[in-house]
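S.K.: Here's a structure for you.
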Amino acid sequence: MSERRRALVTGLTGQDGSYLAEFLLGKGYEVFGLVRRSSMPRLERVQGILGEVQIVYGDLIDQSSLQRVMGDCRPHEIYNLAAQSFVPTSFAEPVLTAEVTALGATRMLEAMRHVCPEARFYQASSSEMFGAVRETPQNELTPFVPQSPYGLSKLYAHWATVQHREAYGVFACSGILFNHESPRRGEEFVTRKIAKAAARISRGLQEVLYLGNLDARRDWGFAGDYVRAMWLMLQADEAADFVIATGETNSVRDFCSRAFERVGLRWEDHVETQEALIRPLEVDLLVGDASLAEERLGWEPTITFEGLVEMMVDAELAKLDASE
Ligand code: NAP
Ligand code: F7E
């Protein structure tokens with residue numbers, strides 16, 4: 001009988017970590033999820049799989065913890081999803097963001113190189129690296145012009161991944177993922193913030209939704225589709241970097257319009273803009289070209305923009321119903 005495959009997932013408690021762990025369990029993997037210590041458990045997103053996933057403790061800031069965990073788990077595949085991932089926080093805490101998001105990835109790569117060099121490595125890179133975009137749509141060859149300490153940190157981690165592949169021959173892939181959302185998205189990100197507010201306003205629980213830049217355009221997909229792409233990258237014959245995106249771009253205003261329409265309201269009657277929510281630098285337009293992933297990995301998104309907005313608003317309405 002062949003050995004059960006083992007996967008180590010950092011960022012287990014985050015949006016993508018929870019979807020990826022479920023996906024890997026469904027494929028028969030033994031899943032180890034790296035969790036950092038906190039005074040209160042943050043396992044809400046993985047409640048449903050706590051009996052199946054093995055929690056291991058460590059922190060991307062602590063090299064020795066990563067080496068210990070890799071030695072204990074002996075993973076065949078490593079998915080590095082942990083990061084300080086919120087762009088506004090990266091302006092407020094640029095050094096912490098670099099420690100976790102940039103150097104954390106290097107720590108993971110170095111730990112793998114020394115402890116389990118045969119493992120396959122996935123780095124959660126980001127469309128934020130394209131920043132002030134030099135061409136549209138963006139693909140694997142588009143130049144990077146990051147516009148935030150977060151984008152800059154992800155760029156460092158991206159090149160650390162490429163360099164480890166080229167210098168040491170490890171199987172390391174960088175997935176350049178465009179924005180992906182779900183009912184499990186953190187509440188401070190704009191899609192979840194809008195979906196939650198639309199639901200609450202429709203039930204008379206809130207009056208106004210304060211937002212920043214309504215003109216920013218993003219290529220929004222569904223997180224469940226995107227974790228499948230991560231896995232496909234590590235099953236390929238050769239390690240490479242891939243853009244993962246839907247190829248469609250919409251503005252924050254478009255998201256508002258759809259979300260409020262879903263609850264029978266006009267967004268213009270409830271949304272106000274607030275200067276404090278405008279970023280020091282903005283990424284105005286993102287839209288990805290994922291044709292390489294389609295061609296080499298057979299990956300395609302299954303959820304449309306309209307389907308995503310409806311899924312997120314309906315999930316917020318269902319939560320309100322359940323709490324009544
Ligand atoms: P998320 O919900 O913010 O999750 C981040 C995860 O990182 C959480 O589990 C968090 O743990 C963990 N973490 C933070 N600092 C850590 C540290 N010092 N040591 C260990 N773990 C730490 O992010 P996500 O949306 O799932 O995204 C997953 C990854 O993809 C991130 O690297 C993100 O930057 C990247 N990405 C996301 C998108 C997107 O649209 N979602 C697009 C491109 C790339 P706690 O729960 O303890 O805070
Ligand atoms: O902002 C605008 C904001 O915070 C999207 C992360 O997962 O995707 C995410 O980064 C847009 C921006 O995501 C508000 O200015 C307007 O233009 O939802 P977001 P993000 O910054 O695109 C990338 C790919 C990642 O890798 C990141 O980890 O929406 N916006 N008003 C607002 N944004 C927020 N958060 N809140 C507002 O009130």
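The values are calculated or read from the model by the stated rules, or taken from the named source; none is laboratory data. No experiment lies behind these values; they were computed from the predicted model shown. Every residue, glycine among them, receives a Cβ derived from its backbone with ideal geometry; neighbour counts consider all protein chains shown.
S.K.: For segment 151-168, enumerate the residues that are surrounded by fewer than 20 Cβ atoms within 10 Å (Cβ to Cβ) and touching a Pro at 6+ places or on another chain (Cβ under 9 Å).
M.R.: Hit for segment 151-168 is TYR168, nothing else.
S.K.: Could you look through segment 179-221, keep only residues that are part of a loop (DSSP other than H, G, I, E, B) and of a type in the set (Phe, Trp, Tyr), and pick out the one that is nearest to ligand 2 (Cβ to nearest atom)?
M.R.: Result: PHE189.
S.K.: Return only the number of the condition from (1) of a type outside the set (A, V, I, L, M); (2) free of Cβ contacts under 8 Å to residues at least 24 places away in the same chain; (3) in a helix (DSSP H, G or I); (4) under 17 Å from LEU81 (Cα atoms) that ASP16 does not satisfy.
M.R.: Result: ASP16 passes all but (2).
S.K.: Go through segment 277-311 and report how many residues are touching a residue at least 40 places away in the same chain (Cβ under 8 Å) and outside any loop (DSSP other than H, G, I, E, B).
M.R.: 15
S.K.: Let me ask something additional. Given the structure, is TYR156 among the hydroxyl-bearing types (Ser, Thr, Tyr), within 12 Å of ligand 1 (Cβ to nearest atom) and assigned by TED's automatic domain parsing to the domain that holds VAL115? Give the steps one after another, and end with the answer.
M.R.: Working: among the hydroxyl-bearing types (Ser, Thr, Tyr): yes; within 12 Å of ligand 1 (Cβ to nearest atom): no; assigned by TED's automatic domain parsing to the domain that holds VAL115: yes.
Here the answer is no, as TYR156 does not meet what is asked.
S.K.: Step by step: first the residues of segment 37-90, then only those that are within 16 Å of ligand 2 (Cβ to nearest atom) and β-branched (Val, Ile, Thr), then the one that is farthest from TRP231 (Cα to Cα). Which residue is that?
M.R.: Let us first name the residues in segment 37-90 that are within 16 Å of ligand 2 (Cβ to nearest atom), namely 45, 60, 79-90.
Among the residues that remain, those that are also β-branched (Val, Ile, Thr) are: 87, 89.
Details: VAL87: 25, THR89: 29 Å.
The residue in question is THR89.
S.K.: If you don't mind, another one. Can you pull out every residue in segment 147-174 that is touching a helix residue (DSSP H, G or I) at 6+ places or on another chain (Cβ under 7 Å) and within 11 Å of ligand 2 (Cβ to nearest atom)? Step through it out loud before you land on a result.
M.R.: The first filter runs over segment 147-174 and keeps only residues touching a helix residue (DSSP H, G or I) at 6+ places or on another chain (Cβ under 7 Å), leaving 148-151, 153-158, 160-161, 164, 168, 170, 172-174.
Hits for segment 147-174 are SER148, TYR150, GLY151, SER153, LYS154.
S.K.: So which residues in segment 100-141 are within 16 Å of ligand 2 (Cβ to nearest atom) and either in a helix (DSSP H, G or I) or among the β-branched types (Val, Ile, Thr) (or both), if there are any at all?
M.R.: VAL100, THR101, ALA102, GLY104, ALA105, SER127, GLU128, MET129, VAL133, THR136
S.K.: Let me ask something else. Which pairs have Cβ atoms under 7 Å, sit 6 or more apart or on different chains, and link a residue in segment 198-212 that is farther than 20 Å from MET311 by Cα and surrounded by 12 or more Cβ atoms within 10 Å (Cβ to Cβ) to one that is at pLDDT 95 or above and of a type in the set (Gly, Ala, Ser)?
M.R.: Correct list of pairs: GLN206/ALA197.
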